[in-house]
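The values are calculated or read from the model by the stated rules, or taken from the named source; none is laboratory data. This one's a predicted model, so the numbers in the text were calculated from it and none came from an experiment. Neighbour counts are summed over all protein chains in view; Cβ atoms, including those assigned to glycine, are modelled from backbone coordinates with ideal geometry. Each accessible area value is taken on the protein alone, full model and side chains, heavy atoms only, with ligands, DNA and RNA left out. Shrake-Rupley method; radii C 1.70, N 1.55, O 1.52, S 1.80 Å.
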Amino acid sequence: MPISKHLHILEENHAAEIMKIGVVGSGQMGSGIAQLAAVNGLHVWLLDTDSSALSRASKSIADNIRRLISKGYLSQAVGNDALERLHCTSNLEELHMTDIVIEAIMESEDVKKKLFLELDKIVKSSAILASNTSSISITRLASATSRPSQVIGMHFMNPPPIMKLVEIVRGADTSDKTFSATKVLAERFGKIVICSQDFPGFVVNRILMPMINEAFYTLYTGVATKEDIDTGMKLGTNHPMGPLQLADFIGLDVCLSIMKVLHTGFGDSKYAPCPLLLQYVDAGRLGRKRGIGVYDYRKATEQEKPSARL
């Protein structure tokens, strides 16, 4: 049998093992990943310690799936089955039989390590622990567990049901089997996979966040208005969204966190967060999720507010 065909069969076997998935964190990223998994045939346990956040996520997923049905993207049967496969919980113990757990919680190494330490004691020995981190070392997260070969980065783009990319990051000890199973799962979700070594920011944010930070410096030093900066990048470089608009969409606190990881990890002054970005975060101007960031969304009409995209 040709080696390529043999590898393909191995990948299919790994993929077949993943039928139950846990997603920790019910924010936009976690709920989007849970929706993807449920629609693509997996039994999903979506966990959040905040019951109100969990309730909002459950409603959002149900509304999104019904909208997909109404637009003809999903059949009624597939949509109904997906909702049946979604289980919401605040009890970490309920993830004990999952084949993979993807964490999508706050971008803090200490918080993620604490979660991985707990999950390592709960989930079955064969389970994969994946992080949706956008910048934090997978190797260091894996060090909190007794299964570093089964820890991997699975970085979805925002929003997960729309964006086609998944960035897979291997830690120092991530096994080929873990990588293969994770890659096949991402492809089952209809995603294009790119692979990164375990360096700060990986691929996407290593490039994207310094650009956003430079946009803040451009605003901070009075080179141009925020509108002209964003229009310049949209029309001059064919970006679908300007860097300051994108920062608001991502969350300025998340952007700052990633810049700090880059600055600490590389020790290079070119990654120093812009003082204006720091000031906005200190003021609670975190972007769309707070109603104000670089732009003020609080006075926007319903027509001007960003609509839910599916």
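Subtract the Cα-Cα distance of residue 19 and residue 278 from 0.36 nm times their separation in residues, and report this length gain in nm to one decimal.
So the extension gain works out to 89.0 nm.
What distance in nm separates the two pseudo spin-label positions at residue 298 and residue 269, each 7 Å out from Cα along the beta-carbon direction?
3.7
Which value, in debye to the nearest 20, describes the size of the charge dipole of the chain about its Cα centre when Lys and Arg Cβ atoms bear +1, Asp and Glu Cβ atoms bear -1, and nothing else is charged?
400
For segment 191-219, list residues with backbone N below 20 Å from a point placed 7 Å from the Cα of residue 176 toward its Cβ?
194-198
Report the full-extension gain for the segment residue 63 to residue 122: residue separation times 0.36 nm, less the Cα-Cα distance, to one decimal in nm.
Length gained, residue 63 through residue 122: 18.1 nm.
Using only helices, what value at 222 nm comes out for the chain when you add -39,500 (n - 2.57) per DSSP H run of length 4 or more and divide by the total residues, to the nearest 500 deg cm²/dmol?
When only DSSP H runs of four or more count, the value is -15000 deg cm²/dmol.
Can you give the angle from 0 to 90° between the axis of helix 109-122 and the longest principal axis of the chain, with both taken from C-alpha atoms, to the nearest 10?
Long axis of 109-122 versus the principal axis of the chain: about 10 degrees.
Go through 20/191; 164/289; 114/177; 20/183; 112/260 and tell me which ones have a Cα-Cα distance over 21 Å in this structure.
164/289; 114/177
Work out the FRET efficiency for residue 225 and residue 106 from their Cβ-Cβ distance, taking R0 = 22 Å, and round it to the nearest 0.05.
Using R0 = 22 Å, I get an efficiency of 0.10.
Which of the three applies to segment 171-218, rounded, prolate or oblate, going by the alpha-carbon gyration tensor with a ≥ b ≥ c and a/c under 1.5 meaning rounded?
oblate
Counting only protein heavy atoms and using a 1.4 Å probe, what share of the accessible area of segment 37-92 belongs to carbon plus sulfur, as a whole percent?
47
Note down the nm distance, to one decimal, between modelled labels 7 Å out along Cα→Cβ at residue 203 and at residue 96.
It works out to 3.9 nm between the two label points.
Using only the Cα atoms of segment 69-211, build the gyration tensor, take square roots of its eigenvalues as a ≥ b ≥ c, and label the shape rounded, prolate or oblate: rounded if a/c is under 1.5, else prolate if a/b is larger than b/c, else oblate.
oblate
Name the aspartates and glutamates eligible as straight-distance cross-link partners of residue 71: C-alpha to C-alpha under 18 Å, and not fewer than 8 places from it in the same chain.
63, 81
Could you check the simple spin-label distance between residue 149 and residue 50, using points 7 Å along Cα→Cβ, in nm with one decimal?
Roughly 3.8 nm, to one decimal.
Enumerate the calculated ³J(HN,Hα) couplings along segment 285-291 in order (Karplus 6.51 cos²θ - 1.76 cosθ + 1.60, θ = phi - 60°), each rounded to whole Hz, writing x wherever the residue is Gly or Pro.
Running phi through 6.51 cos²θ - 1.76 cosθ + 1.60 with θ = phi - 60° gives 8, 9, x, 4, 5, 9, x Hz.
Net charge around residue 219, counting only other residues with Cβ within less than 11 Å of its Cβ (Lys, Arg = +1; Asp, Glu = -1)?
Summing Lys/Arg as +1 and Asp/Glu as -1 gives -3.
Using the alpha-carbon atoms, what tilt in degrees (0 to 90, nearest 10) does helix 51-70 show relative to the longest principal axis of the chain?
80
Give the percent of DSSP beta bridges with both residues in the chain that are antiparallel, rounded to the nearest 5.
Approximately 20 percent, going by the DSSP bridge assignments.
Order 244-250, 262-268 from most to least packed using the mean count of other Cβ atoms within 10 Å.
Top of the packing list down: 244-250, 262-268.
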